[in-house]
Every structure is written in C-alpha cells, then in structure tokens.
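Below is one structure; the comments refer to it alone.
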Amino acid sequence: MATEEKSNRSSAFTTEQLGEINVAMSLAIKDAVAGAVAAAMAGLAPILKEVALTPEKLREINKPYVDPIKAARNERETELWREDIEAQRAQMQATQDNCLHTYDNGLTSIQLEHNFPDRQPRGLCVQCHALIYPREWRIGAPNKANPRGTPYLFGPHKDYGKVMQLAAKKG
C-alpha cells in the first residue's frame, strides 16, 4: 500500500490546494491572454484606423479614375481652343473694322432690318456680318446695388450714318 500512495499524485494535494492551484492557473492564463490580446490590439489599432471607412475615404473611393496623361491633354487642347477662339474673334473684329460695306461694283452691302421694337432701322453687312445699330439702351452686368443690371445708353455704330442714308433712299 505504501507503493500505491507514492504513485498516486493526487493524494499529495488536498482538494483545497488543488482548487487554489486551478484558480491561480486560470487567473494566470486569463491575465496572459488579456495581455496578449491588449498588445495585439494596440498593434492593430493604427492599422484598423487606416482601414476604417470614413465618409472622406468613401468619397475618394467613389471618384472615377482620371488618367493624368489624358487630363493634361484635355487641358492643353482646351487652352489651344481658347486661343483659337480669341484669334478668330480678333480676326472677325479686324475684318469688320476694315470693311467698307460696299461691293466691288460700288453698291452697298448693307441690308436694312426693321423688325426691332424701337422701330429704328438697323443694318447688316452681308460681307463682314456686322450689325450696324443706332444709339440704344443696354443693360450692364449686375452688381450688389443693382442685381438686375444697370441700364445705360450705348452709342451708335460708327457706320450708322450709312444705314440712315440707305433708309432715307428706300423711304
């Protein structure tokens, strides 16, 4: 029987001692696991913060892809387009400024227009496409004081005298 007591290890501890050992072991394991989880979460916190979907990140994700080469080309073409329009406008203004509003045979190239509410004749040159207008009221750009714009008198076209002579001839 003495050999049985030596081989039976459970008899070396009482039930109270075994309970204390179990509680101590479970507390040690719980503390170790809690410490490991806290360390892992502390290491993952910055990563989780970066991965979190915020409204700003969602807006950035939903933006369509813009090819930088294509965007640069569009910008270049837009600038060239603006330059072309400005050159065309300047060329048209120069043509209108230098037009004599007469054909090579000496006849006038101004066509009269009478369909305006003020009943004053206007002329349209069929060569340079200039509208020859009388003195008229125009409305300027709006501002804070005048949100609908400021009306002002605008002087007649430099060749409006020709329109008046033509209108007097046609009666």
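Rule-based calculations on the coordinates, nothing more; no lab input. Since the model is a prediction, treat every value here as computed from it, not as a measurement.
Considering only GLN120, GLN96, GLN17, give the residue with the highest GNM mean-square fluctuation for the chain, with springs between Cα atoms whenever their separation is below 10 Å. Taking springs between Cα atoms under 10 Å, the residue moving most is GLN17. The equivalent ellipsoid that matches the C-alpha gyration tensor of segment 101-171 spans semi-axes of 30, 13, 9 angstrom, in descending order. By the Stokes-Einstein formula, at 0.890 mPa s and 25 °C, segment 56-98 with its Kirkwood radius over alpha-carbon pairs has D equal to 185 µm²/s.
Sequentially through segment 82-97, phi angles give Karplus couplings (6.51, -1.76, 1.60; θ = phi - 60°) of 5, 4, 5, 5, 5, 5, 5, 5, 5, 5, 5, 5, 5, 4, 5, 5 Hz, Gly and Pro residues having no value and appearing as x. The three principal axes of the Cα atoms in segment 2-124 give end-to-end lengths of 146, 37, 18 Å, sorted in falling order.
Comparing ASP31, ASP104, ASP159 in a Gaussian network model of the chain (Cα springs below 10 Å), the most mobile by mean-square fluctuation is ASP31.
In this structure the amide hydrogen of THR102, modeled in the peptide plane, comes within under 5 Å of the amide hydrogens of SER109, none closer than 5 places in sequence on its chain. Length gained on full extension, ALA141 to LYS57: 26.1 nm, using 0.36 nm per residue less the C-alpha separation.
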